[in-house]
Amino acid sequence: MTDSLLLFTFSPVQSFIAEARRAADLYAGSRILVELAKAAIEQIEKECGTEALIYPVSRNGDAPNKIVARVPSEKAETVGRAASEALLARWSKIADDALEELKRCRFPMDSVWEQIWRRQTGQDYLWGVFWAAARMPNEADYPQAYRDASRALDAVKHSRIFVSADEHDLKDSLSGTREALRTADYKDAKKYWADIADKVKPPEIRPEGRERLDAFGAIKRFGPIAKQQTFFSVSTVAAEDFLNDARKKAANELVAHQQAVEELLQGHLHPVRSDLQWPYDGDLLFLETLATERLKDSYHLARPDEGRLKAAQDSLRALHKRVERSPSPYYAIIFLDGDSMGEWISSCRTEGEHREVSKKLADFADKVNTIVPNGFRVYNGGDDVLALAPLSQALPLAQRLAIEFNKITEGRAASAGLAIAHHLYPLNAALEAAREAEKIAKQVEGKAAVAVRVIKRSGETVTMRSKWDSMGGLFDELLGHFVEERLSSRFAYDLIERAHIITALPDDPRKATLKQLVERHKTARMTDPNGLVDRLSQWAQALDKQVPPEKVDDREILQGCAEFGRWAVFARFVAQGGGE
């Protein structure tokens, strides 16, 4: 009996996840995609047994949107169709469950509302499901079968006919392209969602119609999948380091502040975590939240009691004073992705080798689950990870993940893109910045690199990149010098001001200038300035080969020192908790 290699996938993925105004939307979108992939996997196993799956081979990570399986040739079409139907049936169930939840929440509905809902949740509205199979007479035919199935799958995907959607009226807030849900009584969806905001818990919808949802947004925001696990807001992620310090250094002040915000926000406050010391959103640890307009926007408290508001502000100031700092307003989005995964899989000569690749990726997914905690981990697909992190933990976390990937895959590399954004910056724009950073990292020759894009609230955007092995522990070392005041913060700014000149110099003069700057800005706490100069010079020299040169008067000027200057400024930025 001849077998075939079945490749199965569906879309959209990245754009569906990226349609998010808050971290909970991001997480719910990811969970929905995982559920759809699991439905297809379960159906393939039902048709052909668990041994049919080549990728993925484990349920510990999040199910990917591409599946590889060995199936009997005479059943290939049946299995492909059955997996497609199972995926779409799971989507219908997700939509139906969300609809029941919306009814339970007493959302106004009528024929107009239902027409929009049915159109947008229809199986052929958004989802494209694709599969292809190639015969594999013998084990030795595995590479050719994989190439043939891949080419056939690409052809099927490119031949999909998109049906134009009939979208009218005011668009939703998440995608900006689809009609927002409303009833006939509401000629304007803005008024409909303004009334919804008065019916639900304050954090779920912004008031006065400033946030409007279509069917997909409503499923992400209110469906049962969204309620399976609380996912922290980006404000909570940004404040996490501060909160940990507050628990240790200022337990009494933290309790006093909790009591003050409970008095202020009676009936408008809801726990987001099971933490007796601080069960509420991290945004209440920022003084700027405790202002009339912000309380109205985030907590639907239109007229806060002035006495209680002042008490909450005072308790927060006391907490900041006790901890000796305020929370960092910046957090990070991390995209980590295995390098040249297509080449790695295509190089598999046998099914067994592909299964071994799958096993290593499953082992890495297990490790990710222990490294990135719940509430911060958005997606963990084995060869790609999406996570949030506090500013101080972001780069070390990404670097640790890359090291573990290299170790578990026995020498394969992973690259990462990080976006550092203010907690009030639009999430969808921050996600786009992280994706752009990932692309920049992937453009470094040989990859195994990281790129960081910092989006400052002042409007300035700075991007830097480096190979992991060139950086090593040097960023952490530089950060430590700023934190422990072994180097003046002016070192970073003097370096960046002179970088455009230094970067054009030969190695020895560049090193001499760097030494001069270290000598000028070091303090008595610096024990090995010459060693530091040597290490930083080597990093800058390595960056010469990793950063595109700048062309000046038909000359290519290496940019390693300028790039190192940006890393130094970023280290100073992290050391000061995002201070500008």
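Do any GluC sites (Glu not before Pro) in region 406-443 lie in a loop, going by DSSP, with at most 13 other beta-carbon atoms within 10 Å of their beta carbon, and if so which? Before the final figure, lay out the partial values.
Working: sites: Glu410, Glu432, Glu436, Glu438; in loops: Glu410.
Of the GluC sites (Glu not before Pro), the ones in loops of region 406-443 whose Cβ has at most 13 other Cβ atoms within 10 Å are Glu410.
Highest mean first, how do 278-286, 98-106, 328-336 rank when packing is the count of other Cβ atoms within 10 Å averaged over residues?
So the peptides 278-286, 98-106, 328-336, ranked by packing, come out 328-336, 278-286, 98-106.
Under the Karplus relation 6.51 cos²θ - 1.76 cosθ + 1.60, θ = phi - 60°, what is the ordered set of whole-Hz ³J(HN,Hα) values for region 190-200, x standing for Gly and Pro?
Residue by residue, region 190-200 yields 4, 5, 4, 6, 5, 6, 4, 4, 7, 9, 9 Hz.
Tell me the Rg and the Dmax, in Å, that the Cα atoms of region 224-379 produce.
So, for region 224-379, Rg and Dmax equal 21.4, 73 Å respectively.
Please report, in whole Å³, the volume per residue of the convex hull around the C-alpha atoms of region 320-375. All intermediate terms of the calculation are to be shown ahead of the outcome.
On the way: hull volume 6.2 nm³, N = 56.
Per-residue hull volume (Cα only) is 111 Å³.
Quick one: which residues, 5+ away or cross-chain, put their amide H under 5 Å from the amide H of Asp62? H built at 1.01 Å from N.
Asn380, Gly381, Gly382
Could you bin all the Cα-Cα distances of region 142-234 into 10 Å bins starting at 0 and give me the percent of pairs in each, rounded to whole numbers?
Once binned at 10 Å, the Cα pair distances of region 142-234 give 14, 32, 21, 17, 12, 5, 0.
Can you run phi through the Karplus equation (6.51, -1.76, 1.60; θ = phi - 60°) for region 320-330 and list ³J(HN,Hα) in whole Hz, with x for Gly and Pro?
4, 5, 5, 7, 6, 5, 9, x, 5, x, 10
Could you please rank Ile205, Ile371, placing first whichever residue has the fewest other Cβ atoms within 10 Å of its Cβ?
On the way: Ile205 23, Ile371 14.
Exposure proxy ranking, most exposed first: Ile371, Ile205.
Inverting the mean 1/r over all pairs of different Cα atoms, compute the Kirkwood radius of the chain and quote it in Å. Write out the running numbers ahead of the final one.
On the way: mean 1/r = 0.0380 Å⁻¹.
For the chain, inverting the mean 1/r across all distinct Cα pairs yields 26.3 Å.
Could you work out [θ]222 nm for the chain from helices alone, using -39500 (n - 2.57) per DSSP H run of at least four and dividing by all its residues? Round to the nearest 500 deg cm²/dmol. List each step's numbers first, then the result.
Details: 21 runs with 297 residues, N = 580.
Result for the chain: -16500 deg cm²/dmol, rounded to the nearest 500.
Using +1 at the C-beta of Lys and Arg and -1 at the C-beta of Asp and Glu, which of Met471, Gly267, Thr350 has the Cα lying farthest in the positive direction of the dipole of the chain?
Gly267
From the mean inverse distance of alpha carbon pairs (Kirkwood) and the Cα radius of gyration, derive Rg over Rh for region 235-323. Before the final figure, lay out each step's value.
Values: Rg = 12.0 Å, Rh = 12.9 Å.
Rounded to two decimals, Rg over Rh is 0.93.
Considering the Cα positions of region 1-131, please state its Rg to one decimal place and its Dmax as a whole number of Å.
16.7, 57
If one computes the Cα centroid of region 164-219 and of region 493-566, what distance in Å separates the two points?
52
Per residue of region 510-521, in order, report the coupling 6.51 cos²θ - 1.76 cosθ + 1.60 (Karplus, θ = phi - 60°) as ³J(HN,Hα) in whole Hz, putting x for Gly and Pro.
For region 510-521, the Karplus curve yields 4, 5, 5, 5, 4, 5, 4, 5, 4, 4, 5, 10 Hz.
Å³ per residue of the Cα convex hull, for region 473-580? Walk me through the numbers on the way to the answer.
Numbers: hull volume 10.3 nm³, N = 108.
Here the figure is 95 Å³ per residue.
Express in whole angstrom the spacing between the alpha-carbon centres of region 421-459 and region 315-391.
Going from one Cα centre to the other spans 15 Å.
Could you tell me whether region 443-532 comes out rounded, prolate or oblate from its Cα gyration tensor? Rule is a ≥ b ≥ c as square roots of the eigenvalues, rounded for a/c under 1.5, then prolate if a/b exceeds b/c, otherwise oblate.
Details: a/c = 1.43, a/b = 1.31, b/c = 1.10.
Since a/c stays below 1.5, the shape of region 443-532 is classed as rounded.
Please tell me which of these pairs span more than 18 angstrom C-alpha to C-alpha: Lys103/Lys171; Lys220/Lys456; Lys171/Lys456; Lys103/Lys227?
Details: Lys103/Lys171 22 Å; Lys220/Lys456 29 Å; Lys171/Lys456 29 Å; Lys103/Lys227 16 Å.
In this structure, Lys103/Lys171; Lys220/Lys456; Lys171/Lys456 lie more than 18 Å apart at Cα.
Beyond 21 Å, what share of the Cα-Cα pairs of region 196-272 is found? Please give it as a whole percent.
When every Cα pair of region 196-272 is considered, 44 percent fall beyond 21 Å.
Taking every DSSP beta bridge that has both residues in the chain, what percent is antiparallel when rounded to the nearest 5? The partial results should precede the final answer.
Working: 49 of 55 bridges.
Expressed as a percentage, antiparallel bridges in the chain total about 90.
What size of dipole, in debye to the nearest 20, comes out for the chain about its Cα centre when the only charges are +1 on Lys and Arg C-beta atoms and -1 on Asp and Glu C-beta atoms?
On the way: 82 positive and 88 negative charges, 169 e Å.
Magnitude of the dipole: close to 820 debye.
Taking +1 at the Cβ of each Lys and Arg and -1 at the Cβ of each Asp and Glu, which of Leu88, Thr289, Ile44 sits farthest along the dipole of the chain towards its positive end, judged by Cα position relative to the Cα centre?
So the residue we want is Thr289.
Over 5 Å intervals from 0, what percent of Cα-Cα pairs in region 329-465 sits in each interval?
2, 11, 21, 22, 18, 12, 7, 4, 2, 1, 0
Values quoted throughout were computed directly from the atomic coordinates according to the rules given, and no laboratory measurement underlies them. Computed from a predicted model, the values in this text were never measured in an experiment. Every residue, glycine among them, receives a Cβ derived from its backbone with ideal geometry; neighbour counts consider all protein chains shown.
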